[in-house]
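Structure record follows, encoded as structure tokens.
The values are calculated or read from the model by the stated rules, or taken from the named source; none is laboratory data. Quick caveat: nothing in here was measured; it's all calculated off a predicted structure. Every residue, glycine as well, gets a Cβ built from its backbone with ideal geometry; the counts of neighbours run over all protein chains shown. For the accessible areas, the whole protein counts, side chains as well, though only heavy atoms, and no ligand, DNA or RNA atoms are used. Shrake-Rupley method; radii C 1.70, N 1.55, O 1.52, S 1.80 Å.
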Amino acid sequence: MSTDTALRPVADANTIAGLIAADELRPGNPAAISGLETFLSKIRRAEQLAGRRFAEFSPELQDALILRRLQQMIGTLQGNPSWATRLAAAGITGTVRDFDHWQSVPLADKTVMRDLYMGERRGLAVPLSFGGFEIVASGGTSSGQPVETVYSLRELQDTYEFAGEFMGRYQLAPFFDEDAPKWVMTTLADYNLWSSGTMVGGVLQRIPGTNYLGIGPVTKDVFGHLMRYVGPKAFMSITASVAALPELGAELSEDARRSLRVALYGSGVLNARHRDELKAAYPNVSILSYFAATQAETIALQLDPASPWLATVPGLHLVEIVDPDGRWVKEGEEGELVVTRLHAHETPLPRLLIGDRVIRRPGLTGAGLNTMQFEYVGRSGDVIHLGDTQFSAKRVLDGLGHGLAAIGIDLNRAAQDVQFVNDRPNRRLTLLVAVDEPEAVNRQLGLIGPHGTYQMFGDALIRSLSLFNQGEANFHYLAKTGYRLELRFVPPGAPDITRTAVGKTPLLCDKQQ
């Protein structure tokens with residue numbers, strides 16, 4: 001890409017925004033919508049004008065094109081009766097003026113998705129009869145309720161290309177410095193329309209200068225064969241599969257183990273024990289998070305192994321972190337993660353609640369990369385309901401970790417899996433922890449007795465609340481709920497721990513019947 005400023009026009013915010021012309025802001029019918037230039041084509045033209053990649057634009061220039069695209073999206077939706085009614089009810093009847101006005105657009109959740117994009121699919125801007133679509137389903141890790149996402153294939157391929165370029169340049173390049181074949185592999189597989197193999201695999205295939213291995217569920221022999229390929233490698237999968245890499249590679253040669261440079265785990269958390277095991281088995285590995293969802297194939301990527309902060313891909317989605325009123329939180333504040341696919345002329349879905357809570361962090365700024373950052377907190381549904389009070393399962397777990405450390409049990413390094421089970425009918429809250437030697441750890445816990453365990457668990461619950469609520473929900477309150485609080489260590493793979501059909505372990509299993 002040329003950087004000769006003498007040969008290119010000066011790119012300012014108005015010029016960049018004007019790449020989406022006024023007559024493109026309100027396409028009048030499905031045929032006109034299908035005929036729109038893709039958003040990626042607009043980004044490419046902007047890059048030519050500016051002489052640099054979109055991710056390296058100043059925030060002002062990025063925002064100019066993104067706001068224009070959002071104005072076009074709302075203009076498109078206002079031609080759909082279902083969306084026009086929904087937007088008008090929120091006071092959105094004309095052009096979205098700015099990002100402050102954008103925050104008045106109503107938030108959408110999985111129920112809205114099912115209502116508008118399943119069944120009659122009345123929320124589509126272009127009907128399926130036009131062709132050129134793909135449908136991808138999610139089983140619903142937290143809710144158990146499936147939802148379908150409809151994509152335009154032309155723009156879905158654009159997002160794979162755009163995200164793959166970002167991933168290669170800003171995430172993987174520092175670890176792939178050899179003049180040898182470079183490999184990116186994943187065990188994510190497609191079945192029952194489950195989306196991860198489709199979506200993430202599409203991105204991984206488009207990382208420039210790398211070779212792709214879609215290996216699916218893998219045996220030790222197959223993994224060993226692939227790891228003997230010459231060149232540095234990155235492995236991507238769900239957290240449980242990444243945690244299993246030491247066992248898969250137990251018989252590898254030293255050279256093969258050193259060739260694994262990056263282990264990418266899907267949305268969630270990889271605990272300290274698994275990190276230690278990975279680094280012991282693969283001396284050169286860096287462990288990074290790949291944060292995605294069914295509706296957004298690459299929401300954010302961890303760029304620095306030493307920092308848990310995740311960087312969004314500028315120009316791929318509009319990522320927002322909002323308070324209960326749908327307004328943007330300030331840096332350092334926690335909120336709900338909201339995503340709008342920018343590359344979605346035919347299938348727009350503004351302001352979708354992904355179901356995760358994150359903390360807004362300072363953005364990356366400078367000549368090399370300008371983008372938003374956030375830190376993952378946990379699933380929005382990971383809320384323990386005891387009586388009329390709600391407790392964050394993640395914060396309660398952190399509190400129990402501190403309590404167990406005081407009696408010599410390192411929860412972060414011992415645990416392979418953890419799960420709260422809230423048995424509401426029987427008023428029993430249990431934390432199940434899978435460890436290698438559960439009998440020994442249970443004996444150690446037994447030294448403080450049931451009363452000591454109850455005190456530790458109760459203290460973790462109370463301390464997870466705000467200072468105001470701690471005064472309301474104290475030990476007297478916990479006693480009135482009638483709940484028993486239990487902590488139990490079980491062997492790995494124990495049937496007590498509930499897992500999803502694709503092997504994920506929800507932090508909270510809420511039994512209401």
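If the condition is being in contact with a Phe, Trp or Tyr (Cβ under 8 Å, 6 or more places away or on another chain) and either surrounded by fewer than 24 Cβ atoms within 10 Å (Cβ to Cβ) or among the aromatic types (Phe, Trp, Tyr) (or both), then the stretch 295-309 contributes 301, 302, 303, 308, 309. Pairing residues of the stretch 391-409 that are aromatic (Phe, Trp, Tyr) with residues that are assigned to a helix (DSSP H, G or I), at Cβ distances under 6 Å and at least 6 apart in sequence or on separate chains, gives 391/461.
Is at least one residue of the stretch 56-77 without any contact (Cβ under 8 Å) to a residue 60 or more places away in the chain, outside any helix (DSSP H, G or I) and under 20 Å from residue 316 (Cβ atoms)? Even if it seems obvious, please write down each step before you answer.
At the first step, the residues of the stretch 56-77 found to be without any contact (Cβ under 8 Å) to a residue 60 or more places away in the chain are 60-61, 63-64, 67-68, 71-72, 75.
Those still in the list that are outside any helix (DSSP H, G or I) too: none.
Checking the stretch 56-77: not a single residue is without any contact (Cβ under 8 Å) to a residue 60 or more places away in the chain, outside any helix (DSSP H, G or I) and under 20 Å from residue 316 (Cβ atoms).
For the stretch 282-294, which positions are under 14 Å from the mean Cα position of the chain (by Cα) and open to solvent by less than 10 Å² (accessible area, probe 1.4 Å)? Once the filter is applied, which keeps residues that are under 14 Å from the mean Cα position of the chain (by Cα) and open to solvent by less than 10 Å² (accessible area, probe 1.4 Å), the stretch 282-294 yields 288, 289, 290, 291. The residue of the stretch 181-204 that is surrounded by the fewest Cβ atoms within 10 Å (Cβ to Cβ), among those that are in a loop (DSSP other than H, G, I, E, B) and at pLDDT 95 or above, is 181. Checked against the criterion of being open to solvent by less than 40 Å² (accessible area, probe 1.4 Å) and modelled with pLDDT of 95 or more, the candidates 239, 210 yield just one match: 210. Only a single criterion out of (1) closer than 21 Å to residue 385 by Cβ; (2) modelled with pLDDT of 85 or more; (3) assigned to a helix (DSSP H, G or I) is not satisfied by residue 469, namely (2).
The rows are residues; the columns are (1) part of a loop (DSSP other than H, G, I, E, B); (2) open to solvent by 40 Å² or more (accessible area, probe 1.4 Å).
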| position | (1), (2) |
| --- | --- |
| 261 | no, no |
| 273 | no, no |
| 280 | no, yes |
| 311 | no, no |
| 326 | yes, no |
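Filtering the stretch 291-349 to residues that are in contact with a His (Cβ under 8 Å, 6 or more places away or on another chain) and more than 19 Å from residue 62 (Cα to Cα) leaves only 296.
Among residues of the stretch 79-95 being hydrophobic (A, V, I, L, M, F, W, C) and assigned to a helix (DSSP H, G or I), the one that is surrounded by the most Cβ atoms within 10 Å (Cβ to Cβ) is 83.
Report yes if some residue within the stretch 1-24 is in contact (Cβ under 8 Å) with a residue 60 or more places away in the chain and of a type outside the set (Asp, Glu); otherwise report no. Before the answer, list the steps.
Of all residues in the stretch 1-24, those in contact (Cβ under 8 Å) with a residue 60 or more places away in the chain come to none.
No; the residues of the stretch 1-24 include none that is in contact (Cβ under 8 Å) with a residue 60 or more places away in the chain and of a type outside the set (Asp, Glu).
For the stretch 120-133, a tally of residues being loosely packed, with under 14 Cβ neighbours inside 10 Å and either at pLDDT below 90 or of a type in the set (A, V, I, L, M, F, W, C) (or both) returns 1. Cβ separations smaller than 6 Å between residues 6+ apart or across chains give the following pairs from the stretch 264-286 residues that are among the basic types (Lys, Arg) to residues that are surrounded by fewer than 22 Cβ atoms within 10 Å (Cβ to Cβ): 273/413; 275/287.
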